[in-house]
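Trainee: Would you mind keeping the following structure in view while I ask a few things?
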Amino acid sequence: MEVDDEIIKPKENEEDIRKPIVVILVGAPGSGKSTFCDHVMQVSTRPWVRVCQDTIGNGKAGTKAQCLAISSISLKDGKSILIDRCNLDKEQRADFIRLKESHQVDVHAVVLDLPAKLCISRSVKRTGHEGNLQGGKAAAVVNRMLQKKELPKLNEGLTRITFCQNENDVQEAINTYGALSSSDVLPSGIFGEKKTDTKVQLGIMKFLKRVDAPSKVSSDKAIPEPSNVAINENHHANECQEKSGTCTLGGVPTLAFPSISTADFQFNIEKASEIIVETVEEFVNKIGNGRLVLVDISHGSKILSLVKSKAAIKNIDPTKFFTFVGDITKLHSGGGLHCNVIANAANWRLKPGGGGVNAAIYDAAGPDLDIATKKRAGSLTPGKAITVPLPSTSPLFSEQGVTHVIHVLGPNMNPKRPNCLKDDYNIGCKVLREAYSSLFENFASIVRTQKKSSYYELSNCDQKVRREDGACVNEKNKKFKGSIEVSESNNLYSVDGKQNATSSGKKGGSLNKDWGSWAQALHKIAMHPEKHKNDVIEILDDVVVLNDIYPKAQKHLLVVARAEGLDWLANVSQEHLPILKTMHDVGVKWARTFLKENQSLVFRLGYHSAPSMRQLHLHVISQDFDSKHLKNKKHWNSFNSPFFRDSVNVIQEISEEGKPTLNDDEKFMSMELRCNRCRSAHPNIPRLKSHITICKLPFPANLLQNDRLLQNAPDKDANAC
DNA sequence: GTTCTAGAAC
DNA sequence: GTTCTAGAAC
């Protein structure tokens, strides 16, 4: 475990000396939790209390409530706590993490993620175990528990997570915690490389990249310099291991930035887009493995579209720079994009409020950002940027993984705002260029600092994936080549890299498609529905409705256009807007009918970018995906990747641009399997299916927008809970 | 679209 | 040995 675990010694007279901490041990029976506690307590000068559920009832097994009560009393007494119970899932840990609020302490997790075989053999062999888990039954219990293992993440509210995969890691963690005096604190973030003990899915591996987080002295004292820690990341990482759908380790350092000066400061968008692209081009190779992402909250954003096309012309590496539609304060939770650094279009006083991005970022970050900013500077000159490390107490840090905010001030062309340049674009362009240069330079500095001290270097295994046995496998040898990245306008993802040319950016493509003989069924039904009365459930002038004969969910209808020559979306143009609206309305009508019968259903309406069956058909499908016919990755991804084009978006695109976007690249079919609600990744279809039957988390924000999902209002509220 | 099946993965 | 994937055939 190559970690920078240097203990941070508080300065003399510093407040919060003797601040206790809570350390939650996470591990199966036999993983060595009790031994860990014993060793730490033996060597530490800090007062510790071991809270062991196996012995808390006068030496016998007790309850979680008892553990919490003892913890609470001990914390009040100024003692640090070692929670010695399995804590293998998020729910089990949650109550202990809540001690953070009630006692104003930091909560750490130490994950004893030792090989299952070792835990089992220890459990089977041991005698006199406090929890009476030993002998033959131990193996079954350990196995069952490990099946449900859900590794901790920072966004659960943890300040620091240490992963231990072997005895050396465990010893190192013991040394770290054992060496803590009463007043010492440890840096925050994730430590320790996680290795899998289950099958590694290549598609998932593509997402595994790294990112670093700032250190933290204590919950209310952010140290000024960024440091050396890796942050948990669930969606975008180059290298990490996957288990039970919980992907860990970091992603590439990524800066999300809004377009500077083009909103309230009324800077010309065309000129601004030119400057963005030119400055990006200049910096894109100076930011190491970092990425730059231009973010705008509005669909159909002109600045995004201008920048996108200009970047394409300049051939800027789309894996290093791309655009993203979404709320810059919710990129991780709302769009699955992890950006460890975000830029703020600040005002010159560096004050919260005022509207736009500045207000949104300060609102989302809470008072921590204002406090941290004020420590750095009181004002900002146009063209300059300043980095502010975000304390981990900020929700932007804990919920979105944002570790730094870079305030940047651009030129103002709005006479109603201070320092208006009165349309002097000679100066304006110069200042805007300086602003972006300064922003990117600040980001590059963060990347350099983190790279220098990162615990986990990719250099030896770059562009490779780590197999279970630890060997690095060149991904060029693998079939999965797409590097699916991030949300773009209508979808949760677009494909980065060269795939863009043939997928999300594609308009139409070849109109003719070779349809196999087996692909004609829908066409035949559409042309002669009266001959297929057993199949169709409604016949209208323009459409027929039928149940999909291989439904991929509890309810799965097809609304089929009856027009000859309208085989698929590529054949659709402005003149077909009425039929598309009719198809949509008929689909909505049927969805509402089903919703009356079963209020728990949620429906989504959309088209496959490259359907297998001839004749344009709209899928009306409930989002439970509870079906024996959903058997493979293609089935899942055809409804849960950008390949699936929401009807509302198709209609919008045709209205505005005359053609729909087709995300028909085969790469979408190879995407890793992610839950359509919580976006957790799963190694195979059976595991995914078992997960989606129990996952009740809300749907991602982008799906909840624009009426993409149809559901009953009460259910909508329930989902949001 | 599905079914079948070889062979990879576990 | 069993589970799972992915390509070929239809």
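Trainee: Per residue of the range A:528-535, in order, report the coupling 6.51 cos²θ - 1.76 cosθ + 1.60 (Karplus, θ = phi - 60°) as ³J(HN,Hα) in whole Hz, putting x for Gly and Pro.
Mentor: 9, x, 5, 7, 10, 5, 6, 8
Trainee: Towards the positive end of the charge dipole of the range A:254-459, with charges on Cβ (+1 Lys, Arg; -1 Asp, Glu), say which of A:395, A:326, A:431 has the farthest Cα.
Mentor: A:431
Trainee: For a quick protection proxy, order the peptides A:181-190, A:568-577 by their average other-Cβ count within 10 Å, most packed first. Kindly include the intermediate steps, with their values, before the conclusion.
Mentor: Numbers: A:181-190: 22.0, A:568-577: 17.8.
Descending packing order for the listed peptides: A:181-190, A:568-577.
Trainee: Pairs to check: A:302/A:581; A:320/A:374; A:33/A:100; A:589/A:628; A:314/A:667; A:634/A:659. Give those whose C-alpha atoms are more than 28 Å from each other in this structure.
Mentor: Details: A:302/A:581 26 Å; A:320/A:374 32 Å; A:33/A:100 21 Å; A:589/A:628 26 Å; A:314/A:667 24 Å; A:634/A:659 25 Å.
A:320/A:374, as the Cα separations exceed 28 Å there.
Trainee: Turning to a different aspect of this structure: Can you order the peptides A:413-425, A:553-565, A:536-548 by their average number of other Cβ atoms within 10 Å per residue, highest first?
Mentor: Values: A:413-425: 13.3, A:553-565: 20.4, A:536-548: 17.0.
Descending packing order for the listed peptides: A:553-565, A:536-548, A:413-425.
Trainee: Please list, ordered by chain and number, the residues whose modelled amide H lies under 5 Å from the amide H of residue A:23; skip anything fewer than 5 residues away on the same chain.
Mentor: A:81, A:82, A:83, A:108
Trainee: While we're looking at this one, here's another question. Whole-Hz ³J(HN,Hα) for each residue in the range A:346-359, computed from phi via Karplus 6.51 cos²θ - 1.76 cosθ + 1.60 with θ = phi - 60°, x for glycine and proline: what do you get?
Mentor: 7, 9, 5, 7, 6, 10, x, x, x, x, x, 4, 4, 5
Trainee: Still on this structure, please answer the following. Cα convex hull of the range A:254-459: mean projected area in nm², to one decimal? List each step's numbers first, then the result.
Mentor: Numbers: hull surface 43.8 nm².
Taking a quarter of the hull surface, the average projection is 11.0 nm².
Trainee: Still on this model: Using Cα pairs closer than 8 Å and at least 6 residues apart in sequence, work out the relative contact order for the range A:254-459, in percent. Walk me through the numbers before you get to the answer.
Mentor: On the way: 383 pairs, mean separation 49.9, N = 206.
Dividing the mean separation by the residue count of the range A:254-459 yields 24 percent.
Trainee: Would you grab the residues whose amide H sits under 5 Å from the one on residue A:673? Only those 5+ places off in sequence or on another chain, please, with H modelled 1.01 Å from N.
Mentor: Those lying under 5 Å, H to H, from residue A:673 are A:682.
Trainee: Considering amide H positions built from the backbone, and no H for Pro or chain starts, which residues 5 or more places from residue A:192, or on another chain, come under 5 Å of its amide H?
Mentor: Under 5 Å from the amide H of residue A:192 lie the amide H atoms of A:163, each far enough along the sequence or on another chain.
Trainee: Kirkwood Rh and Cα-based Rg: tell me the resulting Rg over Rh for the range A:517-720, rounded to two decimals. Don't skip to the answer; put the middle values down first.
Mentor: Working: Rg = 16.3 Å, Rh = 17.3 Å.
Expressed as Rg/Rh, it is 0.95.
Trainee: Go through the range A:641-646 residue by residue and turn each phi into a ³J(HN,Hα) via Karplus (6.51, -1.76, 1.60, θ = phi - 60°); whole Hz please, and just put x for glycine and proline.
Mentor: Taking θ as phi minus 60°, the curve returns 9, x, 4, 7, 9, 4 Hz for the range A:641-646.
Trainee: Sticking with this structure for a sec: Highest mean first, what order results for A:256-262, A:619-625 on Cβ atoms within 10 Å? Spell out each step's value before the answer.
Mentor: Details: A:256-262: 26.1, A:619-625: 23.6.
Descending packing order for the listed peptides: A:256-262, A:619-625.
Where a number appears in this text, it was derived from the coordinates with a stated rule and is not lab data. All values reported here derive from a predicted model rather than from experimental measurement. Methodologically, a virtual Cβ is constructed for each residue, glycine included, from the backbone with ideal geometry; neighbour enumeration extends over all protein chains shown.
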